[in-house]
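Q: First, the structure itself, so that you have it in front of you.
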Amino acid sequence: QVQLVESGGGVVQPGGSLRLSCVASGRTFSDIDMGWFRHTPGKEREFVAWIGWQNHTYYSNSVKGRCTISRDNTKNTVYLQMTSLKPEDTAVYSCGIFYNGFFNNPSAYSAWGQGTQVTVSS
């Protein structure tokens, strides 16, 4: 059974940086596409970034230029490096395994981690 475990969240001041990690277990990692989404109460899950198994990447307009998604197949891990953080980046960030459909649609993902909280506040 596939398991995804996120870490790296925390409280950071505006303008600060964080690196989130998502470790996958239970299946081959190198041939899967992965995505990061974020969720706040009362809102739908929002696409953040996607990385294909060949390392192609896509970003939402809201984080483009401030976030970098990467992967280390030797560690079964996908990362999300976030810089110049803003209060509106506050959310629970989750990683997911892309299955089928549009990569910016959460319904296209077959598995999710439990998420890690990011709070941007002064």
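The values are calculated or read from the model by the stated rules, or taken from the named source; none is laboratory data. The structure displayed is predicted, hence computed values, not measured ones. So basically every Cβ, Gly included, is an ideal-geometry build from the backbone, and we count neighbours across all protein chains shown. For the accessible areas, the whole protein counts, side chains as well, though only heavy atoms, and no ligand, DNA or RNA atoms are used. Shrake-Rupley method; radii C 1.70, N 1.55, O 1.52, S 1.80 Å.
Q: Ordering Thr77, Thr68 by accessible area with a probe of 1.4 Å, largest first, what comes out?
A: Details: Thr77 5, Thr68 75 Å².
Of Thr77, Thr68, the descending order of accessible area is Thr68, Thr77.
Q: Roughly speaking, what is the stretch gain from Ser7 to Lys75, that is 0.36 nm per residue apart minus the C-alpha to C-alpha distance, in nm to one decimal?
A: 23.1 nm
Q: Could you pull out the chymotrypsin sites (Phe, Trp or Tyr not before Pro) across segment 41-122 that fall in loop regions by DSSP (anything but H, G, I, E, B) with no more than 13 other Cβ atoms inside 10 Å?
A: Details: sites: Phe47, Trp50, Trp53, Tyr58, Tyr59, Tyr79, Tyr93, Phe98, Tyr99, Phe102, Phe103, Tyr109, Trp112; in loops: Trp53, Tyr99, Phe102, Phe103.
Those that pass, being in a loop and sparsely packed, are Tyr99, Phe102.
Q: Counting only protein heavy atoms and using a 1.4 Å probe, what share of the accessible area of the chain belongs to carbon plus sulfur, as a whole percent?
A: Roughly 47 percent of what the probe reaches on the chain is carbon or sulfur.
Q: So which trypsin sites (Lys or Arg not before Pro) in segment 62-122 end up in coil per DSSP with only 12 or fewer other C-beta atoms within 10 Å?
A: Lys64, Lys75
Q: Could I have the simple spin-label model distance between Ser60 and Ser107, label points 7 Å from Cα toward Cβ, reported in nm to one decimal?
A: Simple spin-label model gives 1.8 nm for this pair.
Q: Right, here's the next one. Averaged over every viewing direction, what's the projected area of the C-alpha convex hull for segment 1-45? Give it in nm², one decimal, please.
A: Result: 4.7 nm².
Q: With springs only between Cα atoms under 10 Å, which of Gly42, Gly101, Gly26 fluctuates most in a Gaussian network model of the chain?
A: Of the options given, Gly42 has the highest mean-square fluctuation.
Q: Let me ask you something else. Near Lys64, which aspartates and glutamates are there with a Cα under 15 Å away, not counting those fewer than 8 places off in the same chain?
A: Glu46, Glu88, Asp89
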